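Following: one structure in structure tokens, then a few remarks.
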Amino acid sequence: AADVIVHDRLVPDAGLILRATLDDHLGIAPLVEEPRPLGTRPGSANVAELERLMNRPRRPENAEKDTRDDRTLLVHLGAAYQRLDRHRDAADAFGRAKATGGEPDAALLGHYVEALLLAKNTERALTEVRAARKRFADDADLTSLEANLLEERGDPAGARALMEGLRSKSPQEVDVLLRVAQFHQRAKRFTDAEDVLRQAEAMRNNEYGQ
């Protein structure tokens, strides 16, 4: 396995850290292919097409399908805005998707909270993630986001308690361990990050019989 340098020290398997990033875990594939004009930023062609589709003609007899399609379009529109660093627009799109159709799933709620966090709307993000975790208490994405928000608000002890609680509930889940390691790394607790990464590496080796 490849190695990665963390705080001047080698940690086994760079893929462990790469797989732990929220961008990879929460990424959404484009709904509309981008042959995009030269000189435009990635995602800009997507935004124009998605906005056009949101303004499509409607028929009363297609109301149920239109509602489903709108939620899908809004999720992809939010992701396209994120790629352009238009975080307020992304939060608005994900918030509209959340309010469209039936109950949102944990992934959509995670996108919404992440966009609010990136838009510096920390208090609203914290309110939303706590409401989401009442329905999805053990969701790793939502727990990680709440921990990040607590760190932002100057509550590292509360953030750490959340992540260690997640770890204790799923001590053999490699993806959970990666999130905990990433959390410690972001907080510059490099020794803690290395310990959890090594635990994750051992679990992965056991899984594959290495």
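A few points about this structure:
- Entry comment: accessible area of the stretch 106-196 is 45 Å² per residue, from protein heavy atoms only and a probe of 1.4 Å.
- Of the trypsin sites (Lys or Arg not before Pro) in the stretch 141-210, those whose Cβ has at most 13 other Cβ within 10 Å and which sit in DSSP loop: ARG153, LYS188
- Partners of LYS120 within straight-line reach, counting lysines whose Cα lies under 24 Å from its Cα and excluding those fewer than 8 residues away in the same chain: LYS98, LYS134, LYS188.
- Under the simplified labelling scheme, the ALA107-ALA137 pair shows an inter-label distance of 2.5 nm, with each label point 7 Å from Cα along Cα→Cβ.
- Between GLN172 and ARG186, the modelled label-to-label distance comes to 2.8 nm, taking each label 7 Å out from Cα in the direction of the beta carbon.
The values are calculated or read from the model by the stated rules, or taken from the named source; none is laboratory data. Everything quoted here is computed from the prediction, not taken from an experiment. Note: ideal-geometry Cβ built from the backbone for every residue, glycine included; neighbour counts use all protein chains shown. Accessible surface areas use protein heavy atoms only, side chains included; no ligands, DNA or RNA. Shrake-Rupley method; radii C 1.70, N 1.55, O 1.52, S 1.80 Å.
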